[in-house]
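Remarks on the structure that follows.
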Amino acid sequence: MRFKNGLILALDVTDREKAMDVVEKTAPWVDAVKINYPLVLSVGSNIINDISEVSSVICDFKVADIPNTNRLIVEEAVRRGADGVIVHGFVGSDSVQACVDAADKKDVFMVTEMSHPGGREYTAEVGGELAKRASEFGVRGIIAPATRPERISALKELLGELQILSPGVGAQGGSAVDAIKAGADAVIVGRSIYQAEDPGNAAKEIRPLK
């Protein structure tokens, strides 16, 4: 996945019409749309297909189960048009490898540390070890917090050529520019864009690579 704008839209809405309206308005300024369970559970998994006709889609399902269940989830996401899937690494190498295999050359991104304050309590404790093993796991990149850019820098040193996607910009207090400077390839932004009066202009202004 390439990032010419350095911006991924986190589309955490629960209405199909609203979702597609935001997708179409922001398409020129975002590199991908990240969707999560709230949207899929509200309107159905066909929303993956619909968005994929306008933009690249990353399914942020934070897959965290045994290998066979992980495989089934990732296969369905990719079958419906996802270009990437976000998974958890703490479940172990076999479970992550099942996701990579099931992705059929689509991108798999592994969570190392989460962006909210609670992320310091548990995921930060294993973030470094997960980052060290990311290449071994075969993922395309990791998720690291824009709310703590110093952690992006530290994890970047352990990754080699793998990509870093950073959530937490905007409503959570993270800075897009600081995250990119710290080593992120793209930032993930939700409410600051989809709740804006003009989502397209908001995305245009927030994108860190201009």
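The values are calculated or read from the model by the stated rules, or taken from the named source; none is laboratory data. These numbers come from a predicted model, not from an experiment. Positions of Cβ are backbone-derived with ideal geometry, glycine not excepted, and every protein chain shown enters the neighbour counts.
Going through ASP12, ASP65, ASP104 one at a time, which residue ends up being closer than 21 Å to ASP198 by Cα, part of a loop (DSSP other than H, G, I, E, B), in contact (Cβ under 8 Å) with a residue 12 or more places away in the chain and acidic (Asp, Glu)?
Just a single option satisfies the conditions, and that option is ASP12.
Do we find that GLU125 is charged (D, E, K, R) and modelled with pLDDT under 80 in this structure?
Against the criterion (charged (D, E, K, R) and modelled with pLDDT under 80), GLU125 qualifies.
Can you report the number of residues in the stretch 128-157 which are crowded, with 18+ Cβ neighbours inside 10 Å and at pLDDT 85 or above?
Residues that pass the stated criteria total 17.
Condition first: in a helix (DSSP H, G or I) and either out of contact with any helix residue (DSSP H, G or I) (no Cβ under 8 Å at 6 or more places or on another chain) or of a type in the set (Val, Ile, Thr) (or both). Now tell me which residues in the stretch 73-100 satisfy that.
ILE73, VAL74, GLU76, VAL78, ARG79, VAL96, VAL100
Please specify each residue of the stretch 58-73 satisfying the condition of being among the β-branched types (Val, Ile, Thr), crowded, with 16+ Cβ neighbours inside 10 Å and more than 16 Å from ILE143 (Cβ to Cβ). Don't jump to the end; show me each part of the working.
Within the stretch 58-73, the first condition is being among the β-branched types (Val, Ile, Thr), and the residues that meet it are 58, 63, 66, 69, 73.
With the extra rule that they be crowded, with 16+ Cβ neighbours inside 10 Å, the set shrinks to 58, 63, 73.
Matches in the stretch 58-73: ILE73 only.
Would you please name the residue that is nearest to ASP104 (Cα to Cα), looking only at residues in the stretch 126-154 that are in a strand (DSSP E or B) and in contact with a Ser or Thr (Cβ under 8 Å, 6 or more places away or on another chain)?
ILE142
Which residue pairs have Cβ atoms under 8 Å apart, sit 6 or more places apart or on different chains, and have a first residue in the stretch 30-41 that is of a type in the set (Ser, Thr, Tyr) and a second that is surrounded by fewer than 23 Cβ atoms within 10 Å (Cβ to Cβ)?
Partner pairs satisfying both residue conditions: TYR37/PHE61.
Out of the stretch 76-97, which residues are over 24 Å from PHE3 (Cα atoms) and of a type in the set (Asp, Glu)? Even if it seems obvious, please write down each step before you answer.
The first filter runs over the stretch 76-97 and keeps only residues over 24 Å from PHE3 (Cα atoms), leaving 76, 90-95, 97.
Answer for the stretch 76-97, where residues must be over 24 Å from PHE3 (Cα atoms) and of a type in the set (Asp, Glu): GLU76, ASP94.
Going by the conditions given, is PHE3 touching an Asp or Glu at 6+ places or on another chain (Cβ under 6 Å) and not acidic (Asp, Glu)?
For PHE3, the condition - touching an Asp or Glu at 6+ places or on another chain (Cβ under 6 Å) and not acidic (Asp, Glu) - is met.
When the stretch 170-184 is examined, which residues are found to be within 22 Å of LEU11 (Cβ to Cβ), in a loop (DSSP other than H, G, I, E, B) and either in contact (Cβ under 8 Å) with a residue 60 or more places away in the chain or touching a strand residue (DSSP E or B) at 6+ places or on another chain (Cβ under 7 Å) (or both)?
GLY170, SER175, ALA184
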